[in-house]
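First the structure, in the form of structure tokens, and then the observations on it.
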Amino acid sequence: MADFTTRDPRHPDFWDERFNRNFTPWDKGAVPHDLQRFVEAAARPLACLIPGCGNGYEAAYLAQAGWPVVAIDFSPAAVQSAKAAIGEWGKYVLEADFFTYQPGQMLDLIYERAFFCALPPEIRPAIVMRWAALLPAGATLAGYFFFDDTDGASKKGPPFTIHSAEFAKLMFPFFELLEEHAVSDSLPVFAGKEYWQVWQRKAV
Ligand SMILES: C[S@@+](CC[C@H](N)C(=O)[O-])C[C@H]1O[C@@H](n2cnc3c(N)ncnc32)[C@H](O)[C@@H]1O
């Protein structure tokens, strides 16, 4: 890690450098179980946005399941890597910044994995506000969150942990928690601290 030249994960060059050097310890190389379970249980296909998609395996999975999906990443190297990783489904991956991207359709779902925890604590309120702005009342935010309820929020990362109560405090003005459980198929970097959660956008 020491010889990377970029240090600020708020900038695309940080992620470009890591994708270009094939340093991607967060990359599962597969679709995580809880997302599969969520999709299999859904009553209908949901229009989904995947912010900070990295290699975008989930975009390929959702598109194959017939779900309308757009996956975005602001790192050109990540987008290039995704297009190589998921082949024909790469057409659903766009280079775009989560904070300015405007979806072309009404969203039913935002899928989260290793995006929130990739960015430093001072960005968290802005991420939650953007999730809230992108989702209409009743829509869903579902995915994976990286909690540490012993030490609380880590100042060092990525990945940055957050205390689950602090995360809930950020979320409660906009979202209601519908489901939560510990994750059984975590990668080593997230093991023991990864939780699946499903949140519903409140009508506020
Ligand atoms: C730790 S990686 C996770 C990638 C993927 N979600 C996964 O689970 O493998 C974080 C990703 O978020 C992307 N990212 C960070 N800030 C972003 C932003 N403002 N807009 C879009 N993508 C962003 C990075 O380029 C990087 O690919």
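FYI, it's all coordinate maths here, none of it is from the lab. These figures come from a predicted structure and were not determined experimentally. Neighbour counts are summed over all protein chains in view; Cβ atoms, including those assigned to glycine, are modelled from backbone coordinates with ideal geometry.
Out of (1) surrounded by fewer than 21 Cβ atoms within 10 Å (Cβ to Cβ); (2) farther than 24 Å from PRO188 by Cα; (3) in contact (Cβ under 8 Å) with a residue 24 or more places away in the chain, the odd one out for THR100 is which?
Result: THR100 fails condition (3) only.
Is it the case, given these coordinates, that GLY56 is on the phi > 0 side of the Ramachandran plot and buried (at least 21 other Cβ atoms within 10 Å of the Cβ)?
Spelling it out, GLY56 is indeed on the phi > 0 side of the Ramachandran plot and buried (at least 21 other Cβ atoms within 10 Å of the Cβ).
I'm trying to understand the selection: among the residues of the range 54-81, which are near the ligand (Cβ under 9 Å from one of its atoms) and free of Cβ contacts under 8 Å to residues at least 60 places away in the same chain?
ASN55, GLY56, TYR57, GLU58, ALA71, ILE72, ASP73, VAL79
Looking only at residues in the range 18-71 that are of a type in the set (Phe, Trp, Tyr) and assigned to a loop (DSSP other than H, G, I, E, B), which one is farthest from LEU107 (Cα to Cα)?
Filtering first and then ranking leaves PHE23.
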